[in-house]
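A.B. asks: Handing you this structure, nothing more for now.
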Amino acid sequence: MKINNVFIIDGAGRQNGYTKKQIEYLKKITVCENIVTFELFKEKFHFCDGCNYCEENEKCKHRDLDLFFSEFENADLIVFASPLYNGTFSAPLKALIDRFQFYY
């Protein structure tokens with residue numbers, strides 16, 4: 001399978017931290033047509049508020065991540081990159097994962 005589209009979800013806040021360095025290395029060694037990086041600490045998006053709109057409409061009532069979900073669905077390879085804080089992902093990445101509710 002040829003990988004044409006790589007989508008990197010960057011959950012790192014430090015611009016010169018190890019996660020950013022790993023992302024840059026991945027970009028350097030990856031041979032594909034399109035690499036898109038979504039930097040969570042630079043994006044402003046609504047958190048899931050548990051309104052259940054997605055249960056009936058198969059999409060979120062907040063339209064701020066429509067471009068994100070389009071890139072996500074069209075990617076051949078998806079990379080979640082995050083430092084570990086207290087043994088888990090960064091807070092923005094956890095908030096983003098909550099917005100995947102309409103997929104399931």
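A.B. asks: I need the full set of residues from region 20-67 which are of a type in the set (A, V, I, L, M, F, W, C), loosely packed, with under 11 Cβ neighbours inside 10 Å and in a helix (DSSP H, G or I), in order please.
C.D. replies: Listed by number, the list holds a single entry, ILE29.
A.B. asks: Could you check region 78-90 and list, in sequence order, the residues that are modelled with pLDDT of 95 or more and aliphatic (A, V, I, L, M)?
C.D. replies: ILE78, VAL79, ALA81
A.B. asks: Here's another thing I want to ask about it. Only residues that are assigned to a strand (DSSP E or B) and farther than 19 Å from TYR104 by Cβ: list them for region 8-19, please. Before the answer, list the steps.
C.D. replies: Step one: list which residues in region 8-19 are assigned to a strand (DSSP E or B), which gives 8-10.
Correct list: ILE8, ASP10.
A.B. asks: When the residues of region 68-104 are filtered to those that are small (Gly, Ala, Ser) and in a helix (DSSP H, G or I), which remaining residue is surrounded by the fewest Cβ atoms within 10 Å (Cβ to Cβ)?
C.D. replies: The first filter runs over region 68-104 and keeps only residues small (Gly, Ala, Ser), leaving 70, 75, 81-82, 87, 90-91, 95.
Right, trim to in a helix (DSSP H, G or I) and you get 70, 91, 95.
Details: SER70: 10, ALA91: 15, ALA95: 16.
Going through the qualifying residues, I end up with SER70.
The values are calculated or read from the model by the stated rules, or taken from the named source; none is laboratory data. Values in this document were obtained by computation on a predicted structure and should not be read as measured data. Every residue, glycine as well, gets a Cβ built from its backbone with ideal geometry; the counts of neighbours run over all protein chains shown.
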